[in-house]
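Note sheet for the following structure.
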Amino acid sequence: MKKGFPIIEKSKCISNLTAAFKESGPSSLLSQDRAEKFYQLTDRMLTVNEQFNLTAITDPDKIILNHYADCAALALRLPKGAKVIDVGCGAGFPTLPVAILRPDVTVLAVDSTAKKVGYVCETANLLGLSNVTALVMRAEDGGNDPKLRGSFDIATARAVAELRILAELCLPFVKVGGEMIAMKGKNAPQELSDARRAVAMLGGKIEKTEEIFLHGGEEDVCHPLIFIKKNSATPAAYPRPYAKISKHPL
Ligand code: SAH
């Protein structure tokens, strides 16, 4: 028997997941097979979490709400067949839920921490997710790589940086006509007003914010998704080295 974290019963995990997805809207994306993949993911994440820190949330119900239902809201809104880059994927959020729920999209997961990328890659293999690839990379380096720059329909990120910094990390990856979708928290209104100039300088236009309401047993969670359209190519000067991006945000 595993020790040190809550023991997850498969049938309970799947029924709680089904209930959470029903409450939060994206139940159309859930099937038995996909629910089982989420169970496998929970088991694996909590097992590996014993060796190195992947998630501060270890209660399976909270994982379902704050990680899975949250990322499912993004999955629901991705265009069909989209080529997606997840900047700062950490332990695979939103990469892994998106890949489970949207087999039609491909996701490139990038993070500067090799251990996290290794975990995401192995987990995707274990779950049979052939639509995931993962790279150890700093976003500002990738954004200057001609093989990656301007080549994604969607760049997304959750909990990586404030919006004006995030825009410089993400928008260079997006094709003209594509979108950056930032998964944001309570500070979104302030971040949005601070980021207007940066977004315009990078070739983007703030399109809309959608509030995502997640209803869980004891708690409700509300997160905005910020959609930024890429209207023109990002000037060659961006992204700058990270020290410049963070010390002198656009
Ligand atoms: N998206 C995940 C992880 C958030 S933690 C989630 O929502 O759970 C932020 C992650 O971004 C960390 O894993 C960190 O290594 C990564 N990161 C921060 N700045 C980065 C950069 N410039 N390039 C690549 N990864 C970066």
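Just so you know, all these numbers are worked out from the coordinates, no wet-lab data involved. Predicted, not measured: the structure shown is a model, and the values here were computed from it. Counting neighbours? That spans all protein chains shown, and the Cβs are built from the backbone with ideal geometry, glycine included.
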Report task. Kindly provide the trypsin sites (Lys or Arg not before Pro) of segment 178-209 that DSSP labels as loop, not H, G, I, E or B, and whose Cβ sees at most 14 other Cβ atoms within 10 Å. Result -> Lys186
Report summary line: About its Cα centre, the chain carries a charge dipole, from +1 on Lys and Arg Cβ atoms and -1 on Asp and Glu Cβ atoms, whose size in debye to the nearest 20 is 740
Report summary line: Farthest towards the positive end of the dipole of the chain, among Ala233, Ile206, Ile57 and with Cβ unit charges of +1 on Lys and Arg and -1 on Asp and Glu, lies the Cα of Ala233
Report task. Could you check what % of the DSSP bridge pairs in the chain are antiparallel, to the nearest 5? Result -> 45
Query - About the Cα centre, charge dipole magnitude for segment 28-162 (Lys/Arg +1, Asp/Glu -1 at Cβ), debye - result: 300
Query raised in the report: Which entries in Lys147/Lys175; Lys175/Lys229; Lys186/Lys230; Lys175/Lys208; Lys80/Lys115 show an alpha-carbon gap greater than 21 Å?
Result: Lys186/Lys230; Lys80/Lys115
Query raised in the report: Which value in deg cm²/dmol, rounded to the nearest 500, describes the helix-derived mean residue ellipticity at 222 nm for the chain, given -39,500 (n - 2.57) per DSSP H run of n ≥ 4 and division by the residue count?
Result: -11000 deg cm²/dmol
Report task. Pick out, in residue order, every one of the trypsin sites (Lys or Arg not before Pro) in segment 144-177 that is DSSP loop and has at most 13 other C-beta atoms within 10 Å; say none if there are none. Result -> Lys147
Query raised in the report: Taking only Cα atoms, what is the 0 to 90° angle, nearest 10, from helix 32-49's long axis to the longest principal axis of the chain?
Result: 80
Query raised in the report: Relative to the longest principal axis of the chain, what angle (0 to 90°, nearest 10) does the C-alpha long axis of helix 114-126 take?
Result: 50
**Report entry** Angstrom value of the Kirkwood radius, inverse mean 1/r, which spans all Cα pairs in the chain
**Finding:** 18.3
Query raised in the report: So what's segment 184-250 giving for Rg/Rh, alpha carbon basis, Kirkwood Rh from the mean inverse pair distance?
Result: 1.09
Report task. State the percent of C-alpha pairs, over all pairs in segment 99-223, separated by a distance greater than 16 angstrom. Result -> 67
Requested in this report: Please give, to one decimal in nm, the separation of the simple spin-label points placed at Glu9 and Asp194, each 7 Å out from Cα toward the Cβ.
Outcome: 4.6
Report task. Determine one quarter of the surface area of the Cα convex hull of segment 5-110, which equals its mean projected area, and express it in nm² to one decimal. Result -> 6.2
